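Q: Supplied in structure tokens, the structure appears directly below.
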Amino acid sequence: MRRKVIAGNWKMNMLPNETIEFIEKFEPLVKDTKNEIILCVPYTDLFYALLSAQNTNIKIGAQNMHFEEKGAYTGEVSGKMLKTIGVEYVIIGHSERRQYFNETDETVNKKLKAAFEYKLKPIVCVGETLEEHENNKTVEIITQQTKLALEGLTDEQVKNTIIAYEPIWAIGTGKTATSKDANNSIKEIRKEIEKIYGNEVANSVIIQYGGSVKSSNAKELFTTSDIDGGLVGGASLNPEEFAKIVNYDL
Ligand code: 13P
């Protein structure tokens, strides 16, 4: 049985004092869960989040990283920098980065390799646009993105990659993919991994769903055969609401 992993992606929200207050409120509400919890916070909140989450079951992640270790890349943060302060996870290839910041399948792949080099655990995002969805291109797009993201990784690395399937049309729109459709898309991603890396690897990879996950739909989504948790945007900004999502099975 694969574990459930529920990650919050705060995007460009929350100040340090809000981060500390959030974790103070959130931690007691989720202390009994067996699900894995990750909070992916802005760079400026990482240090505060790491301190506040010490000795709790909350793990901390960043939302992006550069693939080089260091150098003349003004404004960028490397995997080594993240690892050095104690960050455990990193989101790579979020659709907002692909859309607004020139992230490509190639840079996603480079970042994934760099994440493993610095012993960070990557959460790689894939997902189709509304237009692709309406033209029945979903499977083609998400299997291709998955294949290119994972290219050149070892079986062990693929097993330790979390994939987040986030249909772009469902992000921040209040529109959620039906649990059946989301589960089917995720099955297709798993099939693609199976084709390249075999059954054992495909069955161990955690694949999350993301896109308007809320406490009211979490249980339905997370109890399907192939959805192993969620990557939650807006609803992860409220400690009570996010705790309900994490505790969907309690
Ligand atoms: P929302 O949950 O706000 O739709 O965002 C999803 C997302 O992009 C998480 O990475």
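Where a number appears in this text, it was derived from the coordinates with a stated rule and is not lab data. All values derive from a computational prediction rather than experimental measurement. Cβ coordinates were reconstructed from backbone atoms using ideal geometry, including for glycine residues, and neighbour counts include every protein chain displayed.
Q: In nm, to one decimal, how far is the residue 72 label point from the residue 191 one, both placed 7 Å along Cα→Cβ?
A: Once both label points are built, they end up 4.9 nm from each other.
Q: I've got another one for you. Taking amide hydrogens as modeled 1.01 Å from N in the peptide plane, which residues meet the under 5 Å criterion relative to residue 89, leaving out close sequence neighbours?
A: 60, 61, 62, 121
Q: Express in nm, to one decimal, how much length is gained between residue 148 and residue 225 on full extension, taking 0.36 nm for each residue of separation and deducting their alpha carbon distance. List each step's numbers first, then the result.
A: Numbers: separation 77, 0.36 × 77 = 27.72 nm, distance 2.49 nm.
Gain on stretching residue 148 to residue 225: 25.2 nm.
Q: Label points 7 Å out from Cα along the Cβ direction at residue 173 and residue 55: separation in nm?
A: With each label placed 7 Å out from Cα toward Cβ, I get 4.6 nm.
Q: Let me ask something else about it. Rounded to the nearest 20 debye, what is the charge dipole size of the chain about its Cα centre when +1 sits on each Lys and Arg Cβ and -1 on each Asp and Glu Cβ? Please report the intermediate quantities before stating the final value.
A: On the way: 30 positive and 36 negative charges, 86 e Å.
Its charge dipole is roughly 420 debye.
Q: Tell me, what is a quarter of the convex hull surface for the C-alpha atoms of region 16-136, in nm² with one decimal? Intermediate results must be reported in sequence, preceding the final value.
A: Values: hull surface 37.4 nm².
Computing the convex hull of the Cα atoms and averaging its projections yields 9.4 nm².
Q: Once you keep just the Cα pairs under 8 angstrom separated by 6 or more residues, what percentage relative contact order results for the chain?
A: Numbers: 487 pairs, mean separation 53.0, N = 250.
Reported as a whole number, the value is 21 percent.
Q: Provide the descending list of Cα extents for region 160-231 along its principal axes, expressed in whole angstroms.
A: In descending order, the Cα extents are 35, 21, 20 Å.
Q: Using a simple charge model, +1 on the beta-carbon of Lys and Arg, -1 on the beta-carbon of Asp and Glu, nothing else, what dipole does region 150-250 show about its Cα centre, in debye to the nearest 20?
A: Charge dipole, region 150-250, about its Cα centre: 320 debye, nearest 20.
Q: Using only Cα atoms, locate the centre of region 84-146 and the centre of region 181-250, then give the distance between them in Å, rounded to an integer.
A: Between the Cα centre of region 84-146 and that of region 181-250, the gap is 16 Å.
Q: Given the -39500 (n - 2.57) contribution per DSSP H run of 4+ residues, what per-residue ellipticity at 222 nm results for the chain, rounded to the nearest 500 deg cm²/dmol? Write down the numbers at each step before the final one.
A: On the way: 12 runs with 115 residues, N = 250.
Using -39500 (n - 2.57) per qualifying helix, the result is -13500 deg cm²/dmol.
Q: Now for a separate question. Suppose every K and R has +1 on its Cβ and every D and E has -1 on its Cβ; what is the size of the dipole of region 142-192 about the Cα centre, in Debye to the nearest 20? Working shown, then result.
A: Numbers: 7 positive and 7 negative charges, 46 e Å.
Taking the Cα centre of region 142-192 as origin, the dipole is about 220 debye.
Q: Once the Cα gyration tensor of region 84-138 is found, what semi-axes does its equivalent ellipsoid get, as square roots of 5 times the eigenvalues, in whole Å, sorted largest first?
A: The answer is 26, 10, 10 Å, longest axis first.
Q: Separate question: Rounded to the nearest angstrom and ordered from largest down, what semi-axes does the equivalent ellipsoid of region 122-214 get from its C-alpha gyration tensor (root of 5λ)?
A: On the way: eigenvalues 103, 35, 25 Å².
Over the Cα atoms of region 122-214, the semi-axes work out to 23, 13, 11 Å.
Q: At what distance in nm do the modelled label points of residue 85 and residue 140 sit from each other, each positioned 7 Å from its Cα along Cα→Cβ?
A: 4.2
Q: Something else now. Alpha carbons only, please: Rg and Dmax for the chain, in angstrom.
A: Cα-based Rg and Dmax for the chain come out at 16.8, 48 Å.
Q: For the pairs 4/59; 59/137; 111/195, flag any whose C-alpha to C-alpha distance is greater than 25 Å. Don't skip to the end; give the middle numbers.
A: Values: 4/59 14 Å; 59/137 35 Å; 111/195 23 Å.
Where the Cα-Cα span goes over 25 Å, the pairs concerned are 59/137.
Q: At a temperature of 20 °C and a viscosity of 1.002 mPa s, determine how fast region 53-100 diffuses translationally according to Stokes-Einstein, using the Kirkwood radius over alpha-carbon pairs as Rh; express D in µm²/s, rounded to the nearest whole number. Don't skip to the end; give the middle numbers.
A: Working: Rh = 12.0 Å.
Result for D is 179 µm²/s.
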